[in-house]
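S.K.: Once you've had a glance at the structure underneath, I'll fire off some questions.
We did not get these values from a lab; they are worked out from the coordinates using the rules stated. Remember, predicted model here, so these are calculated numbers, not experimental data. Neighbour counts are summed over all protein chains in view; Cβ atoms, including those assigned to glycine, are modelled from backbone coordinates with ideal geometry.
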Amino acid sequence: MSSDRSGLGDRPPRKPRVPEPPLPEDVTGAELDRSVHQQLRTLTKENAEGVARHLVMVAATLAADELELALAHAQTAVRRAGRVAAAREALGMVTYRLGDFGQALGEFRTVRRLSGSHHLLPLMVDCERGLGRHDRALELATSPDARAPEVDQAELAIVVSGIRRDLGQVDAALLALQVPALKRAGSYRLQYAYADVLSELGRTEEARAWFAKAALADVDGETDAVERLEEIDGTVVTDLGDGDEGAGPVGQAEAEGQDGSSGSAAPGAR
């Protein structure tokens, strides 16, 4: 029997180093929030600077919808700083956008464990939904953690409403959206979701009013509220009454009252 005196034969071969995506020279890492830099203080100065630059690139490539490149930067950040919550959150966000809900959920759970924060809970609920585990999603959405002050209740309501619609519970989907944020200026995602469910329920005039509110607040056009208004106006004849001729979508919504529901829906999907 031959022997390996060096002992090298018992060692597993080293994995080849994964090449890192290039970093533009004008990306310094200083673009990150101070809170993220605080997390990176546990690393060496050189490593912290590199991770910071990759995290900046994750945000930039996500915004440009370059998901594969965003994934490469996020994976690099995690390889360099696996116990930094910001790095794990970045990887979670990318995998969530890619529809890999299993990995995204795992990353978000790690962020919660490392940071103690529940701010990603709405996304965790949506990951459970994406995995087809509606019961677990609803259980998480109604857990004590869901009432933590850092949880965005408007986003959580949108996700829960979507789950109810998945289950064919459209009335419950509408009820889920009746949270205090619905009346707040700027809550256009919530208002759009509310209008969408009203439309599904056949409550077209109320839907129109809420689409109008969403369109007014959505200055960057993230939703298609304007198009939905045009669609309704092309099929629904509305008697505006004397003095309302020429009122645009927003003007009519304001005339219908602050809650946009003509008093028939209590204020309170994806």
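S.K.: Show me 28-38, 199-209, 103-113 ranked by packing, highest mean number of other Cβ atoms within 10 Å first. Let's see the in-between values first.
M.R.: On the way: 28-38: 13.0, 199-209: 18.5, 103-113: 20.1.
Sorting 28-38, 199-209, 103-113 by mean packing, highest first, produces 103-113, 199-209, 28-38.
S.K.: Which order, highest average first, do 57-68, 139-150, 168-179 follow once you tally other Cβ atoms within 10 Å for each residue and take the mean per peptide? Working shown, then result.
M.R.: Numbers: 57-68: 15.6, 139-150: 13.6, 168-179: 18.3.
Output ranking for 57-68, 139-150, 168-179: 168-179, 57-68, 139-150.
S.K.: To continue, here is another question. Any chance you could run the full-extension gain for S117 through E227? It's 0.36 nm times the residue separation minus the Cα-Cα distance, nm to one decimal. It would help to have the intermediate numbers written out before the result.
M.R.: Details: separation 110, 0.36 × 110 = 39.60 nm, distance 3.75 nm.
Taking S117 through E227 to full extension adds about 35.9 nm, to one decimal.
S.K.: Under a crude label model (7 Å from the Cα following the beta-carbon direction), how far is R109 from S143 in nanometres?
M.R.: 0.9
S.K.: Pop the C-beta distance of K183 and A59 into the FRET formula with R0 = 25 Å and round what comes out to the nearest 0.05. Kindly include the intermediate steps, with their values, before the conclusion.
M.R.: On the way: r = 31 Å, r/R0 = 1.25.
Working from the Cβ atoms, E equals 0.20.
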